[in-house]
Structures are given as structure tokens and as C-alpha cells.
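Throughout, read-outs are computed from the coordinates displayed, never taken from laboratory work. As the structure is a computational prediction, the values presented were derived from the model and not from experiment. Heads up, the Cβs are rebuilt from the backbone with ideal geometry, glycines too, and the neighbour counts pull from every protein chain shown.
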Amino acid sequence: MTSTDATACPHCGWPDRGEPFQVLSRHATATGRTEWTRCGCGSLQVRVADGCGTRVVSRSRLAVRSGTASH
């Protein structure tokens, strides 16, 4: 996972505040909550929701698909 200051997914360009994204889990923290989400393109994201709003603080690279090699 890499940290991010971007406001859009670097893999597909979809805005971080836009739908669709799938919430995988939510966890309460002392200052708000942490959410693990998956972008529409498949990138895993960690979102922090607190008094400053909701933001993506870390995201994964896209998974490499096996079996797609060309001949």
C-alpha cells in the first residue's frame, strides 16, 4: 500500500468522493473511523473519517492478472 495526497484513483481516475466504491469493513477509532474500501477498478483503499472529513490515506496497486499473456 502507498500513501496518497491525490483526490482521485491513480489507476482509473475516478474521484475519491465518487461512487461506486465497495466498503469491505469499518472500524471505530478514538477520533472517528477507518474504512477499507475497494475502488470500482479493484484498487484496495484505506479511508479515514474524522473531524476533517473522509479521505483516502493509502491505496494498493492493481492486482496483476495471471493467464492473460499473449502468444
Expressed in angstrom, Rg and Dmax over the Cα atoms of the range 2-59 are 10.7, 32
Fewest-first ordering of 56, 23 by Cβ atoms within 10 Å yields 23, 56
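Starting from the Cα-Cα distance between residue 44 and residue 12, subtract it from 0.36 nm times their residue separation and give me the gain in nm to one decimal. Mind showing how you got there, number by number?
Values: separation 32, 0.36 × 32 = 11.52 nm, distance 1.25 nm.
Working it through step by step, the gained length comes to 10.3 nm.
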